[in-house]
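In what follows, a single structure is set out as structure tokens and then discussed.
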Amino acid sequence: MSDPKPEVEQMWHDWFMTDAFKVEKGQYRFLRVLPHDPRCKLCYAPFHGIGGAVVGALLGRKQSSLYPHFCNLCEEFAKKHPGGAEVEMSMLFVDVRGSTALSEQMTSVEFSQLINRFYVGSTKAIAEEDGLVEKLAGDAVAAFWGAGFAGKDYVTRTIHAAQNISRLMQRQKIPVGIGVHTGTAYFGAMGSSEGLVDISAIGEEVNTAARLASKAAAGEIIISETALVRAHMDGSELESRKLELKGISGPVSVRVIRV
């Protein structure tokens, strides 16, 4: 019989995979519908406007002064429970293709507006499928899904988010490439000696998802065969590729969706 997981590891495992924190999930769904972005990336509490005023008055939540992607309560939670667990998850990475060339064709204000539209549209599509935004960086957005907060069909919902992002960006004439993968990764609260914390996912499977996005041309969604199998989707009609990915041993079998 294997040893039970340490308490903190079990807590993060249950939160991500089995919905141990039912109260928190209820708050997440309630907070998600309140206007407006930016929000806490863990509980989705809005920081400004009417929504920010509501959660501040009723729940005592406000934007952390130390880590602006968290509310004050989620920041304290992460600080009190550093660590994490290996969990099954699906991952989505989306990058703006040719962003350097685009920036050279626009003023800095115009380019910043384009990137903001990309951020807003992508994160909204992710939230609609109950994904957690892991980061907004440069010309990229990363997110992940787990059964504990997105349901047993979380891999399918990741693919749906990718399709919705692709459609939206095509309408806005923003060229993006998307990668979707699923596997085991380490998820939890990681911090620094200065006391800053981040909720993140790391590991080889996360790297694979990022590399898939880097291989996707504008308008392409590259999905690993692993993700398609986990989503119970028939990819026989989709283009098949075998990709050599930097830092990943052996070719990765994928399918390509164009929406």
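The values are calculated or read from the model by the stated rules, or taken from the named source; none is laboratory data. Everything quoted here is computed from the prediction, not taken from an experiment. Here Cβ is always computed from backbone atoms with ideal geometry, including for glycine, and neighbour counts include all displayed protein chains. Just so you know, the surface numbers come from the protein's heavy atoms only, side chains and all, with ligands and any DNA or RNA stripped out. Shrake-Rupley method; radii C 1.70, N 1.55, O 1.52, S 1.80 Å.
Okay, here's what the table says:
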item	result
Selected residue [among the acidic types (D, E), open to solvent by 50 Å² or more (accessible area, probe 1.4 Å), farther than 18 Å from I165 by Cα and assigned to a helix (DSSP H, G or I)] from E237, E205	E205
Contacts under 7 angstrom Cβ, first residue in region 81-97 being in contact (Cβ under 8 Å) with a residue 24 or more places away in the chain and farther than 30 Å from G219 by Cβ, partner open to solvent by less than 10 Å² (accessible area, probe 1.4 Å) and among the aromatic types (F, W, Y), 6 or more apart	G83/W12; G84/W12; G84/F187; A85/W12; A85/F187; V87/F16; V87/F187
Residue in region 147-160 that is modelled with the highest pLDDT, counting only those that are surrounded by fewer than 24 Cβ atoms within 10 Å (Cβ to Cβ) and under 15 Å from A201 (Cβ atoms)	A147
Candidates K242, K173, filtered to the one that is in a strand (DSSP E or B), exposed (fewer than 15 other Cβ atoms within 10 Å of the Cβ) and either at pLDDT below 90 or out of contact with any Phe, Trp or Tyr (no Cβ under 8 Å at 6 or more places or on another chain) (or both)	K242
Residue within region 82-90 that is buried (at least 19 other Cβ atoms within 10 Å of the Cβ), closer than 26 Å to P175 by Cβ, under 19 Å from the mean Cα position of the chain (by Cα) and at pLDDT 85 or above present	yes
Per-region count, region 217-235, residues of a type in the set (D, E) and under 19 Å from the mean Cα position of the chain (by Cα)	1
Test: residue in region 213-222 that is open to solvent by less than 10 Å² (accessible area, probe 1.4 Å), touching a helix residue (DSSP H, G or I) at 6+ places or on another chain (Cβ under 7 Å) and modelled with pLDDT under 95	no
Where a residue in region 172-190 is closer than 14 Å to A140 by Cα and its partner, wherever it lies, is surrounded by fewer than 24 Cβ atoms within 10 Å (Cβ to Cβ) and acidic (D, E), with Cβ under 7 Å and at least six apart	V176/D95; G177/D95; G177/E220
Tally of residues being of a type in the set (A, V, I, L, M, F, W, C) and over 11 Å from the mean Cα position of the chain (by Cα) across region 104-132	7
Test: residue in region 1-11 that is farther than 21 Å from P82 by Cα and either at pLDDT 80 or above or of a type outside the set (D, E, K, R) (or both)	yes
Sole exception among (1) at pLDDT 95 or above; (2) open to solvent by less than 50 Å² (accessible area, probe 1.4 Å) for N164, by number	(2)
Considering residues of region 97-130 that are modelled with pLDDT of 85 or more and touching a helix residue (DSSP H, G or I) at 6+ places or on another chain (Cβ under 6 Å) only, the residue surrounded by the most Cβ atoms within 10 Å (Cβ to Cβ)	S122
